[in-house]
Amino acid sequence: MAHAVRELFPEAKFAIGPATDDGFYYDFDIDRPFTPEDLEKIDKKMTEIIRSNTPFVRKVLSKKEAVEIFRKTGEIYKVELLSEIADEEVSVYEEGGFVDLCRGPHLPSTGAVKAFKLLSIAGAYWRGDEKNKMLQRIYGTSFSNEKDLKEHLNFLEEVKKRDHRKLGKELDLFSISDDIGPGLILWHPNGAIIRKTIEDFWRQEHLNADYKILYSPHIAKLNLWQKSGHWDFYRENMYSPMEIEGIDYELKPMNCPFHISIYKSSLRSYREFPIRYAELGTVYRYERSGVLHGLLRVRGFTQDDAHIFCREDQIEDEILKILDFTIFILKTFGFDSYDVYLSTRPEKHVGTPENWEISTNALRQALEKKGLAYQIDPGEGVFYGPKIDIKIKDSLNRSWQCSTIQVDFNNPERFDINYRGSDGKDHRPIMIHRALMGSLERFFGVLIEHYAGIFPLWLAPVQIAVLTIAERHSDYALEIAGRLKTEGVRAETKLENEKVGYKIREATIKKVPYLIIIGDKELAERKLTVRKRDGENIGPFAIDEFIGLIKEETENRR
């Protein structure tokens, strides 16, 4: 692709062009944006290059030689990349007179490419930094045969249909306003009622599991974050401090120091342990505008956060309980498949090797006792401790990072928290951080795409739509809707002077699970004719009978 761009746009400069999990992209510095017509030209030129079956030739050069080659051709981005490579020798690949910096390996020749498709054009800042120049990025994909390519393109079409940003607008769930700011979510009534349903379920299940529910402020003195270590290890993801009465305050990026403060508010005994605190706490993190993405990457979000204070001998048992809780929550929302990772000590960390070993072993043993297959993710733990990450798989088999369990010896030390042991002496507790859904915003975005907006009854913003055939049926429709609402069912009426077919289409587009259609027969018999959103007609029902059916389906969260 890069060779084709060089042939067609000799003025373009070349940045990076990596392979990705399902394709590739290349970033170009060119004075004007690429157009769809340009993609067609590039596609045609690529086909010519493939047919030429030109071999890829690997050459190993000294870094000095490589710098000279790219400097002569004006490839400033390649020169910058080379300046950051520690090796004294680098490899380049040459094909048909086109030379590029690459570690390789490559196919033997261009003719080995059998099926490809250029997919889209996007802007991308050099090195992902908005202070740098905006480049033009071309995305593409390639497969070993046309059949596999076609299957992948069909998959991408399904992904587009399920895009939570598109469905969020169609179903009136949420929006992002330039007046408010990027990465900050406005929850509309339909989205807010789903969020409330999720939160109510979350809170009740935590109370059932012996957690104590907390609330904490959105800001705190800067020295709190310095004490916790976030300011040293996480500063690039925090907002600039604000001064209040001569003291620096900071928007909270985490909830943990607040929960520690509540723990410290009274003397603690070993008899109280484990102490489980949970909060749906809204936090704020600075994300570059180039990486913001609907609900999936935001600047303000609510974590389903919890912190458990326990003795060292309780760590494994608590992790086992958290794993059970996590799997229960995920299955309730329809996620039965996931990948599990055990992330170990990163290069930049705090704490003793002994504590890291104890923590890592406790996580490993819990996973093995549960019989959960897992992979080691070396060096990907947080700065204060190792962690388990659970990546759920949606209905399209895509992975999403949501659940995490982290063991922390560091913060109890930093904040000097203790408990009185059975021996009458002070001891240091262990702190376990965990999130089951991650952030509500991200989890909600995943739910939208997982269900393609077709939420199960218990989550649907409108559960029942009551539609009238004629105006004379309005009073009975209002009576039915009123009765449903008193039973806690989310119902709305459609009484407009429109044909019932139009009302059915509108409700179906909004993906309402059940439609009650009221006509002369229903009015006369005091019965309900019910249509499911897939078009199946069921009933007739007496109102009490139908309410029983709806309540059973809702309570079972099927």
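Give the residues of the stretch 374-393 that are free of Cβ contacts under 8 Å to residues at least 60 places away in the same chain, buried (at least 18 other Cβ atoms within 10 Å of the Cβ) and not aliphatic (A, V, I, L, M), sorted by residue number. Those that are free of Cβ contacts under 8 Å to residues at least 60 places away in the same chain, buried (at least 18 other Cβ atoms within 10 Å of the Cβ) and not aliphatic (A, V, I, L, M): Gly381, Gly385, Pro386, Lys387, Asp389. The lone criterion from (1) under 39 Å from the mean Cα position of the chain (by Cα); (2) polar (S, T, N, Q); (3) within 26 Å of Glu48 (Cα to Cα) left unmet by Thr73 is number (1).
When Phe273 is tested against the conditions (1) over 26 Å from Leu440 (Cα atoms); (2) in contact with a helix residue (DSSP H, G or I) (Cβ under 6 Å, 6 or more places away or on another chain), the lone failure is (2).
From the list Glu492, Glu506, Glu479, exactly one residue is part of a strand (DSSP E or B), free of Cβ contacts under 8 Å to residues at least 60 places away in the same chain, outside the structural domain of Val283 (by TED's automatic domain parsing) and acidic (Asp, Glu). Which is it?
Working: Glu506 fails: part of a strand (DSSP E or B); Glu479 fails: part of a strand (DSSP E or B).
Only one candidate passes the filter, namely Glu492.
What tally of residues in the stretch 82-101 results from selecting those that are buried (at least 17 other Cβ atoms within 10 Å of the Cβ) and under 35 Å from the mean Cα position of the chain (by Cα)? Matching residues across the stretch 82-101 total 3.
Return the residue satisfying two criteria in turn: it lies in the stretch 530-558 and is within 18 Å of Glu479 (Cβ to Cβ) and among the β-branched types (Val, Ile, Thr), and of such residues it is surrounded by the fewest Cβ atoms within 10 Å (Cβ to Cβ). Looking at residues that are within 18 Å of Glu479 (Cβ to Cβ) and among the β-branched types (Val, Ile, Thr), I get Ile543.
Residues of the stretch 509-558 that are among the polar types (S, T, N, Q) and in a helix (DSSP H, G or I): Thr554, Asn556.
Can you find even one residue in the stretch 145-160 that is over 27 Å from Leu396 (Cα atoms) and either surrounded by 15 or more Cβ atoms within 10 Å (Cβ to Cβ) or assigned by TED's automatic domain parsing to the domain that holds Ile260 (or both)? Even if it seems obvious, please write down each step before you answer.
Step one: of the stretch 145-160, the residues over 27 Å from Leu396 (Cα atoms) are none.
Taking every residue of the stretch 145-160 in turn, none turns out to be over 27 Å from Leu396 (Cα atoms) and either surrounded by 15 or more Cβ atoms within 10 Å (Cβ to Cβ) or assigned by TED's automatic domain parsing to the domain that holds Ile260 (or both).
Condition check ((1) outside the structural domain of Ser289 (by TED's automatic domain parsing); (2) hydrophobic (A, V, I, L, M, F, W, C)) across all residues:
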| position | (1), (2) |
| --- | --- |
| Pro182 | yes, no |
| Leu186 | yes, yes |
| His206 | no, no |
| Asp210 | no, no |
| Asn223 | yes, no |
| Gln226 | yes, no |
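For the condition assigned by TED's automatic domain parsing to the domain that holds Thr110, buried (at least 18 other Cβ atoms within 10 Å of the Cβ) and not in a helix (DSSP H, G or I), Asp27 qualifies. For first residues located in the stretch 309-324 and surrounded by fewer than 16 Cβ atoms within 10 Å (Cβ to Cβ), partners that are assigned to a strand (DSSP E or B) and lie 6+ apart or on another chain with Cβ distances below 6 Å form the pairs Glu312/Ile430. For the stretch 503-529, filtered to residues that are crowded, with 20+ Cβ neighbours inside 10 Å and more than 28 Å from Asp200 (Cα to Cα), the residue that is nearest to the chain's Cα centre (by Cα) is Lys503. The residue pairs whose first member lies in the stretch 58-69 and is more than 13 Å from Asp87 (Cα to Cα), whose second member is part of a strand (DSSP E or B) and acidic (Asp, Glu), and whose beta carbons are closer than 7 Å, counting only pairs six or more residues apart or on different chains, are Lys59/Glu94.
Considering the stretch 123-236, the qualifying helices (runs of 4 or more DSSP H), each wholly inside and each with 3 or more residues that are among the polar types (S, T, N, Q) and out of contact with any Leu (no Cβ under 8 Å at 6 or more places or on another chain), run over 222-228. Residue check: is Leu367 out of contact with any Gly (no Cβ under 7 Å at 6 or more places or on another chain) and in a strand (DSSP E or B)? The answer is no for Leu367. Look at the stretch 104-117: where a residue is assigned by TED's automatic domain parsing to the domain that holds Glu94 and closer than 19 Å to Lys147 by Cβ and a partner is part of a strand (DSSP E or B) and among the aromatic types (Phe, Trp, Tyr), sitting 6+ places away or on another chain with Cβ atoms under 7 Å, you get Ala115/Phe143.
Among the residues in the stretch 67-87, are any in a loop (DSSP other than H, G, I, E, B) and of a type in the set (S, T, N, Q)?
Pass one, the stretch 67-87, residues in a loop (DSSP other than H, G, I, E, B): 73-75, 84-87.
Still in the running and of a type in the set (S, T, N, Q): 73.
Checked the stretch 67-87: at least one residue is in a loop (DSSP other than H, G, I, E, B) and of a type in the set (S, T, N, Q).
Residue pairs whose Cβ atoms lie under 6 Å apart, separated by 6 or more positions or on different chains, with the first residue in the stretch 519-542 and among the β-branched types (Val, Ile, Thr) and the second surrounded by fewer than 16 Cβ atoms within 10 Å (Cβ to Cβ), are Thr529/Pro540; Val530/Ile538. Scan the stretch 240-251 and tell me whether some residue there is crowded, with 19+ Cβ neighbours inside 10 Å, in contact (Cβ under 8 Å) with a residue 24 or more places away in the chain and assigned to a loop (DSSP other than H, G, I, E, B). No, every residue in the stretch 240-251 fails to be crowded, with 19+ Cβ neighbours inside 10 Å, in contact (Cβ under 8 Å) with a residue 24 or more places away in the chain and assigned to a loop (DSSP other than H, G, I, E, B). Looking only at residues in the stretch 394-409 that are part of a strand (DSSP E or B) and aliphatic (A, V, I, L, M), the one that is surrounded by the fewest Cβ atoms within 10 Å (Cβ to Cβ) is Ile405. Annotation note: of Arg32, Arg58, the sole residue that is within 41 Å of the chain's Cα centre (by Cα), in the same structural domain as Ser91 (by TED's automatic domain parsing) and assigned to a loop (DSSP other than H, G, I, E, B) is Arg32.
The values are calculated or read from the model by the stated rules, or taken from the named source; none is laboratory data. Predicted, not measured: the structure shown is a model, and the values here were computed from it. Here the Cβ is made from the backbone with ideal geometry for all residues, glycine too, and neighbour counts use every protein chain on show.
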